[in-house]
Amino acid sequence: MISLKKTIRNEKLVSLALAAVFIFTSFSSVILTSCKKKDDKKIKPADYGSYGSDFARKLAADFPERKPYSEGEKGAGEAIREEMIKLKYEPEVQTFTTKGGTSQNYVVRIPGTGFISVGDDGKVTTKHRTAVIGAHYDNLPPTDKKVEAKIINQKVVKKGETTAETTPLVYSYDGISDNASGTACLLTAMKAFKEYPAFAYDVIFVAFGAGNDDFAGAREFFKSLTDEETMKIDVMYCMESLYAGDKVYASAGYKSLNLENKYKMRRKLYQAYDVCFANTLYTNYGFDLYYNESGVRADLNGDKQDDIYNEVSANRSDYVVFDEAGIPVVFFDSYEYNFTKMEDMKETKNLNLQNYGGRVRLTHDDSAKFLDSILVEPDYDRNGDGEIDCSGDRLQIRINAVAFIIVEALLKGSDYGMTKEQYDAYLIEKAKEEARSTAMTSESSSGETGKKVSKKPVESSESETEETTSESTTAASKKTVTPTKKPTKKPTKKPTKKPTPKKKK
């Protein structure tokens with residue numbers, strides 16, 4: 001029982017330290033994204049150019065039919081492998097066979113520096129935790145009948161009145177949204193990852209094959225992990241269909257509907273939103289990240305109890321495999337949840353995308369030529385300084401923003417310990433506090449001649465009073481500070497003798 005209490009108290013200490021460092025990290029992030037280069041131009045977050053959107057459109061054009069186990073899927077997989085090599089990675093090809101055929105996952109594993117944690121005995125150790133980032137690259141041919149696409153052109157006749165004209169458009173399905181966009185986001189995150197120093201997380205990037213066959217690639221990858229590797233996974237980030245929907249949402253898995261696990265299973269989701277809000281993604285690109293907060297009550301997970309339809313997705317993807325195993329997930333996709341009934345929800349309310357009732361995935365509307373004609377706007381001057389500085393390409397903006405959020409969220413750290421930077425910052429602050437405490441104690445001892453100053457114990461967390469973090473492992477780079485008992489408040493000033501009042505004559 002005592003051991004358990006000590007463990008809990010240690011976790012409280014780490015959580016308190018992490019909370020303080022997270023605030024510092026978030027503040028630093030804002031500073032970094034607003035700092036200036038030598039040319040006096042501000043450095044914008046997620047400023048990755050058209051790399052991701054170019055790759056998505058090329059993948060869709062070169063391999064429009066990427067049905068699981070097909071030659072098209074195989075060709076797309078090889079193109080992804082070659083791109084990973086261009087980014088200076090060494091992808092592992094994970095070939096697997098199901099009843100449907102043979103497919104491939106493309107896996108890149110990057111070891112991290114680990115997280116620093118404190119044991120019951122005060123010993124500092126390093127724990128390795130893992131983040132998985134994945135997207136499937138296959139697609140399925142539409143089952144709905146092909147209809148003639150029409151673009152509705154709204155023309156203002158006079159103030160308050162408009163007229164609509166329709167223009168027929170020839171187009172062909174290529175899965176640009178589902179899921180060339182998610183695949184391109186994966187590669188953009190891998191490219192951005194190179195620009196950062198070493199991460200504490202062990203990171204695994206995976207391009208899943210046969211995602212449309214009950215997430216066969218994700219299941220095969222998960223099955224290939226040892227129990228120890230599985231236990232180390234903190235989070236799985238998944239991206240799908242980022243282009244066509246009205247808004248981009250981040251969602252947790254359905255396991256998070258269990259109230260006992262809600263915060264644990266959604267902690268990483270909230271960190272993703274923290275990154276979006278702490279940076280200038282809306283200011284620079286008009287990009288925002290949404291919650292599904294429809295509030296509809298329904299039995300969402302089949303447990304015969306109504307759930308509140310918040311922060312989970314209407315769409316299933318490769319994240320399902322990890323969610324089923326009780327691993328926290330963050331799923332990014334585009335959709336529209338602003339409806340009062342679940343059956344009314346769809347990807348878009350855009351009048352030009354109603355050929356299939358607002359659905360785009362697995363329909364003929366999921367076409368680069370068609371979607372680009374509707375969703376791509378001219379580049380424009382966003383900050384009003386007279387210079388064109390923002391892309392009007394929705395695909396580019398969304399791929400870059402989501403990739404940025406994922407990579408930056410990794411810097412938020414783990415619940416199992418602190419990054420080296422966080423730990424160093426914690427030690428510096430702790431040393432300062434102890435130095436102040438020592439100085440105050442010394443002042444109190446020298447200033448109260450012949451008297452004892454009554455001091456109450458410091459109001460602190462149990463973790464602070466019962467255990468002190470060992471600093472022996474950092475002796476090579478920092479001086480060890482001997483911990484001392486901290487007084488509750490500053491000692492009272494030494495009383496001075498009041499002057500005797502003069503007698504009146």
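The values are calculated or read from the model by the stated rules, or taken from the named source; none is laboratory data. The model shown is predicted, which means the values in this text are computed figures rather than measured ones. All Cβ positions, glycine included, derive from the backbone under ideal geometry; neighbour counts span all protein chains shown.
Listed residues LEU281, LEU242, LEU259; which is closer than 24 Å to THR183 by Cβ, among the aliphatic types (A, V, I, L, M) and modelled with pLDDT under 95?
The unique qualifying residue is LEU281.
Any idea how many residues of the stretch 205-233 are closer than 22 Å to CYS185 by Cβ and either in contact with a His (Cβ under 8 Å, 6 or more places away or on another chain) or β-branched (Val, Ile, Thr) (or both)?
The number of residues fulfilling the criteria is 11.
What's the total number of residues in the stretch 371-388 that are surrounded by 15 or more Cβ atoms within 10 Å (Cβ to Cβ) and outside any helix (DSSP H, G or I)?
2
Quick check on my filter: what residues within the stretch 221-263 are charged (D, E, K, R) and touching an Asp or Glu at 6+ places or on another chain (Cβ under 8 Å)?
Passing the criteria: LYS232, ASP234, GLU240, ASP246, LYS247, LYS255.
Would it be correct to say that LYS127 is basic (Lys, Arg) and closer than 30 Å to LEU269 by Cα? Spell out how you get there, then give the answer.
On the way: basic (Lys, Arg): yes; closer than 30 Å to LEU269 by Cα: yes.
Criteria met by LYS127.
Under 19 Å from ASP323 (Cα atoms) and either out of contact with any Ser or Thr (no Cβ under 9 Å at 6 or more places or on another chain) or not aliphatic (A, V, I, L, M) (or both): is that true of GLU293 in this structure?
So GLU293 does not fit the description; no.
Regarding the stretch 399-419, can at least one residue be identified that is without any contact (Cβ under 8 Å) to a residue 60 or more places away in the chain, out of contact with any Gly (no Cβ under 8 Å at 6 or more places or on another chain) and assigned by TED's automatic domain parsing to the domain that holds SER241?
For the stretch 399-419, residues without any contact (Cβ under 8 Å) to a residue 60 or more places away in the chain, out of contact with any Gly (no Cβ under 8 Å at 6 or more places or on another chain) and assigned by TED's automatic domain parsing to the domain that holds SER241: absent.
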